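Visitor: Questions regarding the structure given below will be posed in turn.
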Amino acid sequence: MSPRPWDGALRTTRHLVDGTSVMAVTGEVDDESAPALRHALTVAVNGDDSPSCVVDLSGVTFLNSAGLTALVEVAWHAETRRRRLRLVVDANRLVIRPIELTGLDRSLSLHHTVAEAAAHSPQRTN
């Protein structure tokens, strides 16, 4: 279930790729939409037992500090649940630039494609 988009700007969809949860995000992530993104990603992190949650940000058209904060908070939450948040940024400068400017590229797990991020996701063994 996706949260209500803010003014039609932010959309999230969730699906599985080779057993890995993938949340595709499109639109603007700003002060108004960041709480909805945080909620959707937290639900995804909490929603299954896969060791990683991939977030595809290649369709994001704007990312401000509130969006960065949401990503960092969810990444921390995932770590507390022994999961890893993997961000797909492709070549999207609108996402990569604020991540690099803040130095978050050193602490967030960034990938070019969903397939690459999913391939880096370890398989859970029981």
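Visitor: Which residues, counting only those in region 97-112, are closer than 13 Å to LEU63 by Cα and either open to solvent by 60 Å² or more (accessible area, probe 1.4 Å) or touching a residue at least 60 places away in the same chain (Cβ under 8 Å) (or both)?
Guide: Of everything in region 97-112, those that are closer than 13 Å to LEU63 by Cα and either open to solvent by 60 Å² or more (accessible area, probe 1.4 Å) or touching a residue at least 60 places away in the same chain (Cβ under 8 Å) (or both) turn out to be ARG97, GLU100, LEU101, THR102.
Visitor: Residue check, ALA118 against (1) open to solvent by less than 30 Å² (accessible area, probe 1.4 Å); (2) at pLDDT 95 or above; (3) not in a strand (DSSP E or B), all met but one. Which one?
Guide: (2) is the only condition that ALA118 fails.
Visitor: I've got another one for you. Name the residues in region 19-39 that are of a type in the set (Ser, Thr, Tyr) and crowded, with 19+ Cβ neighbours inside 10 Å, would you?
Guide: Residues satisfying the conditions are THR20, SER21, SER33.
Condition check ((1) of a type in the set (Gly, Ala, Ser); (2) over 25 Å from ALA119 (Cβ atoms); (3) in a strand (DSSP E or B)) across all residues:
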residue	(1), (2), (3)
THR12	no, no, yes
GLY27	yes, yes, yes
ASP31	no, yes, no
HIS39	no, yes, no
ALA44	yes, no, no
PHE62	no, yes, yes
ALA70	yes, yes, no
VAL95	no, no, no
PRO98	no, yes, no
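So that you can scan it fast, the table gives a plain yes or no per residue for (1) touching an Asp or Glu at 6+ places or on another chain (Cβ under 8 Å); (2) under 19 Å from ARG11 (Cβ atoms):
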| position | (1), (2) |
| --- | --- |
| VAL55 | no, yes |
| VAL60 | yes, yes |
| ALA66 | yes, yes |
| ALA70 | no, yes |
| ALA75 | no, no |
| ALA78 | no, no |
| ARG86 | no, no |
| ASP90 | no, yes |
| LEU94 | no, yes |
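The values are calculated or read from the model by the stated rules, or taken from the named source; none is laboratory data. Computed from a prediction, not measured in an experiment: that's the story for all the values here. Heads up, the Cβs are rebuilt from the backbone with ideal geometry, glycines too, and the neighbour counts pull from every protein chain shown. These accessible areas exclude ligands, DNA and RNA; they are computed on the full protein's heavy atoms, side chains included. Shrake-Rupley method; radii C 1.70, N 1.55, O 1.52, S 1.80 Å.
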